[in-house]
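The values are calculated or read from the model by the stated rules, or taken from the named source; none is laboratory data. Predicted model only: the values in this text are computed from it and were never measured. Here the Cβ is made from the backbone with ideal geometry for all residues, glycine too, and neighbour counts use every protein chain on show.
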Amino acid sequence: MIVERTRTQAAVGDAERWTAHNYHPLPVVVAQAEGAWVTDVDGRRYLDCLAGYSALNFGHRHPTLIAAAHAQLDRLTLTSRAFIHDQFATFCRELAELCGKDLVLPMNTGAEAVETAIKVARKWGYQVKGVPDGQATIIVADGNFHGRTTTIVSFSTDPDARDDFGPYTPGFKIVPYGDLAALADAVDDTTVAVLIEPIQGEQGVVVPPPGYLPGVRDLCTQRDMLFIADEIQSGLGRTGETFACDHEGVRPDMYVLGKALGGGIVPVSTVAADRSVLGVLRPGQHGSTFGGNPLACAVATEVVRLLRTGEFQRRSAELGVRLHAGLRSLVGEGLVAVRGRGLWAGVDIDPALMTGRQACERLAERGVLAKDTHGSTIRLAPPLVIEAAEIDHAIAQLAAVLR
């Protein structure tokens with residue numbers, strides 16, 4: 001008897017055959033999507049509770065963003081930064097205003113934006129703070145995830161991200177996340193910046209203790225250092241505020257943004273800072289062929305305008321209460337801990353029951369998509385367009401998996 005493979009099985013097999021194995025995806029092959037739902041090549045629907053690691057904060061194919069992309073595709077898609085296009089200044093101005101900063105520097109990926117922030121901080125340290133050339137240091141936190149370039153993995157504490165990619169880039173000090181005293185002890189005259197995630201996403205949606213972010217802000221001010229907030233995953237409405245730093249009234253010197261800024265359509269990232277910081281760059285010292293391209297700017301401008309209404313921040317805050325209440329009800333019923341803010345949660349499963357990977361596989365079988373990280377932890381980050389009943393559905397499926 002010959003058993004024909006499903007389209008999913010065939011596509012998974014082809015991917016295994018023809019691509020480098022730098023990811024270990026769930027065996028789900030998505031063909032279409034809208035809002036909070038995706039459909040695979042065999043016609044099965046799934047509730048997307050990962051949202052592209054926050055790249056899809058506004059859901060799949062948000063009509064406003066799709067319309068902006070279509071309109072721009074018919075006009076102009078790329079010029080390079082050798083010229084100025086008609087979408088560029090509008091995007092930069094509106095994002096700068098949203099961030100409360102003077103300037104933005106557009107790039108493409110989150111890792112590019114982090115690299116940009118590192119370069120700017122070092123140059124600022126030499127030209128403004130007066131650190132001797134070649135001696136600038138930046139303090140980071142353990143458990144961080146800022147990307148996977150050679151420089152960034154040099155200060156990662158995740159063996160999968162770091163091992164066998166040396167020699168590593170010097171100039172970084174690693175301290176425990178959330179430990180203000182350890183951070184203060186690490187500062188010296190060469191320290192030009194502190195680079196942290198206001199909430200650590202890849203580590204399992206770890207929220208620092210109250211007062212930590214204000215303490216970092218105060219320390220940076222006192223010791224003449226830049227506070228760089230990597231809000232690539234936590235920013236743009238994900239936690240119930242525009243930025244995760246807003247929960248404690250903190251304004252960093254630099255915002256590093258990405259993921260949701262592209263509306264789930266194109267890669268867009270930026271660094272936003274005042275002129276006293278970004279003004280250290282001169283022509284030819286940094287750039288990207290595709291950074292700030294017309295298509296990216298057209299879509300990202302509409303993202304900024306969606307955020308200006310406050311609707312998505314409110315949805316995340318209000319529906320986040322429902323999400324976290326539902327998850328906390330499962331503590332002791334297979335869950336051992338729940339963390340997070342807004343529509344973002346890290347969930348620790350009793351390791352005696354299953355791994356995070358097994359939990360995500362079983363959730364997928366029940367039509368809910370999530371992603372594991374670090375052993376028995378899974379992350380939930382549904383699009384901000386998700387409805388209350390859909391949150392309840394996701395929690396019910398998780399409860400069934402845990403039984």
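So, in segment 152-178, of the ones that are of a type outside the set (Lys, Arg) and outside any loop (DSSP other than H, G, I, E, B), which residue ends up surrounded by the most Cβ atoms within 10 Å (Cβ to Cβ)? Reasoning before the result, please.
Within segment 152-178, the subset of a type outside the set (Lys, Arg) is 152-161, 163-172, 174-178.
Going one step further and asking which of them are outside any loop (DSSP other than H, G, I, E, B), we end up with 152-153, 159-161, 172, 174-175.
Details: ILE152: 23, VAL153: 20, PRO159: 8, ASP160: 9, ALA161: 16, PHE172: 18, ILE174: 16, VAL175: 20.
Among residues in segment 152-178 that are of a type outside the set (Lys, Arg) and outside any loop (DSSP other than H, G, I, E, B), the one surrounded by the most Cβ atoms within 10 Å (Cβ to Cβ) is ILE152.
Looking at segment 133-163 only, could you name the residues that are among the hydrophobic types (A, V, I, L, M, F, W, C) and over 19 Å from the mean Cα position of the chain (by Cα)? Let's see the steps before the verdict.
Pass one, segment 133-163, residues among the hydrophobic types (A, V, I, L, M, F, W, C): 136, 138-141, 145, 152-153, 155, 161.
Of everything in segment 133-163, those that are among the hydrophobic types (A, V, I, L, M, F, W, C) and over 19 Å from the mean Cα position of the chain (by Cα) turn out to be ALA136, ILE138, ILE139.
Only one of ARG362, ARG403, ARG308, ARG328 is out of contact with any Ser or Thr (no Cβ under 6 Å at 6 or more places or on another chain), over 30 Å from ARG81 (Cβ atoms) and touching a residue at least 40 places away in the same chain (Cβ under 8 Å). Can you tell me which? Outline the logic, then answer.
Numbers: ARG362 fails: touching a residue at least 40 places away in the same chain (Cβ under 8 Å); ARG308 fails: over 30 Å from ARG81 (Cβ atoms); ARG328 fails: touching a residue at least 40 places away in the same chain (Cβ under 8 Å).
Result: ARG403 is the single residue among ARG362, ARG403, ARG308, ARG328 that is out of contact with any Ser or Thr (no Cβ under 6 Å at 6 or more places or on another chain), over 30 Å from ARG81 (Cβ atoms) and touching a residue at least 40 places away in the same chain (Cβ under 8 Å).
From VAL104, VAL28, which residue is in the same structural domain as PRO252 (by TED's automatic domain parsing), surrounded by 15 or more Cβ atoms within 10 Å (Cβ to Cβ) and either assigned to a helix (DSSP H, G or I) or in contact with a strand residue (DSSP E or B) (Cβ under 9 Å, 6 or more places away or on another chain) (or both)?
Numbers: VAL28 fails: in the same structural domain as PRO252 (by TED's automatic domain parsing).
So the residue among VAL104, VAL28 that is in the same structural domain as PRO252 (by TED's automatic domain parsing), surrounded by 15 or more Cβ atoms within 10 Å (Cβ to Cβ) and either assigned to a helix (DSSP H, G or I) or in contact with a strand residue (DSSP E or B) (Cβ under 9 Å, 6 or more places away or on another chain) (or both) is VAL104.
List the number of the failed condition for VAL131; all other conditions in (1) part of a strand (DSSP E or B); (2) in contact with a Gly (Cβ under 9 Å, 6 or more places away or on another chain) hold.
(1)
Considering only segment 136-151, I want to know if a residue exists there that is over 27 Å from ASP163 (Cβ atoms) and either free of Cβ contacts under 8 Å to residues at least 60 places away in the same chain or surrounded by fewer than 20 Cβ atoms within 10 Å (Cβ to Cβ) (or both). Even if it seems obvious, please write down each step before you answer.
At the first step, the residues of segment 136-151 found to be over 27 Å from ASP163 (Cβ atoms) are none.
Looking through segment 136-151, none of the residues is over 27 Å from ASP163 (Cβ atoms) and either free of Cβ contacts under 8 Å to residues at least 60 places away in the same chain or surrounded by fewer than 20 Cβ atoms within 10 Å (Cβ to Cβ) (or both).
Being closer than 17 Å to ALA96 by Cα, polar (S, T, N, Q) and surrounded by 24 or more Cβ atoms within 10 Å (Cβ to Cβ) is the requirement here; does SER269 meet it?
Values: closer than 17 Å to ALA96 by Cα: yes; polar (S, T, N, Q): yes; surrounded by 24 or more Cβ atoms within 10 Å (Cβ to Cβ): yes.
Taking the combined requirement at face value, the residue satisfies it.
Quick check on segment 179-203: of everything there that is among the β-branched types (Val, Ile, Thr) and in a loop (DSSP other than H, G, I, E, B), which residue is surrounded by the fewest Cβ atoms within 10 Å (Cβ to Cβ)?
THR190
Scan GLY334, GLY320, GLY340, GLY310 and give me the residue that is surrounded by fewer than 19 Cβ atoms within 10 Å (Cβ to Cβ), at pLDDT 95 or above, among the small types (Gly, Ala, Ser) and within 20 Å of the chain's Cα centre (by Cα).
When all the criteria are applied, what remains is GLY310.
Could you grab me the full set of residues in segment 244-258 that are crowded, with 24+ Cβ neighbours inside 10 Å and out of contact with any helix residue (DSSP H, G or I) (no Cβ under 8 Å at 6 or more places or on another chain)?
Passing the criteria: only ALA244.
Quick test for you: out of LEU261, LEU236, LEU281, pick the one residue that is surrounded by fewer than 24 Cβ atoms within 10 Å (Cβ to Cβ) and in contact (Cβ under 8 Å) with a residue 12 or more places away in the chain. Lay out the reasoning, then the answer.
Working: LEU261 fails: surrounded by fewer than 24 Cβ atoms within 10 Å (Cβ to Cβ); LEU236 fails: surrounded by fewer than 24 Cβ atoms within 10 Å (Cβ to Cβ).
LEU281 is the lone residue from the list that is surrounded by fewer than 24 Cβ atoms within 10 Å (Cβ to Cβ) and in contact (Cβ under 8 Å) with a residue 12 or more places away in the chain.
From (1) in a loop (DSSP other than H, G, I, E, B); (2) free of Cβ contacts under 8 Å to residues at least 60 places away in the same chain, pick out the condition that doesn't hold for PHE58.
Of (1) in a loop (DSSP other than H, G, I, E, B); (2) free of Cβ contacts under 8 Å to residues at least 60 places away in the same chain, only one is false for PHE58: (2).
If I ask for residues that are under 21 Å from VAL347 (Cα atoms) and of a type in the set (Val, Ile, Thr), which ones from segment 173-214 would you list?
ILE199, VAL205, VAL206, VAL207
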